[in-house]
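All of the numbers you see were taken from the coordinates with simple rules; none came from a lab. For clarity, every value in this text was computed on a predicted model and none was experimentally measured. Backbone-built Cβ (ideal geometry, glycine too); neighbour counts: all protein chains shown.
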Amino acid sequence: MARAHPEIDRRALITGRLLKADRLVMPPGGEIASILVQARPERLADVAAAIVTLAGCEIYGRDPKGKLVVVVDAPDAGSLGTTFNQLALLPDVYSASLVFHAIDATT
């Protein structure tokens with residue numbers, strides 16, 4: 001049988017008021033994503049060169065028909081979104097599609 005702990009207020013625990021903000025430590029983390037970029041096949045080398053200059057981007061695979069698999073490692077969701085938009089807006093890029101996304105709490 002469960003015993004009540006008189007020093008813990010159940011409502012405060014459930015609503016989060018039990019925790020003091022100065023005692024919270026956010027774990028380090030980051031965002032990892034895999035993005036499929038479709039580009040003009042004849043400009044694939046130029047698009048790939050532009051992608052690797054973006055922070056946190058590396059090309060994991062390529063298809064000479066104009067496809068690139070880009071892996072992005074970003075510190076937070078905002079940075080990942082910005083990088084995704086930069087990829088989609090590169091010259092000679094037809095589309096950029098998010099294939100995989102994960103939050104990495106171990107970095």
Fraction of alpha-carbon pairs in segment 32-107 farther than 14 Å apart, rounded to whole percent, equals 54
Low-density loop positions, trypsin sites (Lys or Arg not before Pro), segment 52-82 - DSSP coil, at most 13 other Cβ in 10 Å = LYS65
Where does the charge balance sit around ILE32 when Lys and Arg score +1, Asp and Glu -1, over other residues with C-beta under 10 Å from its C-beta?
-> -3
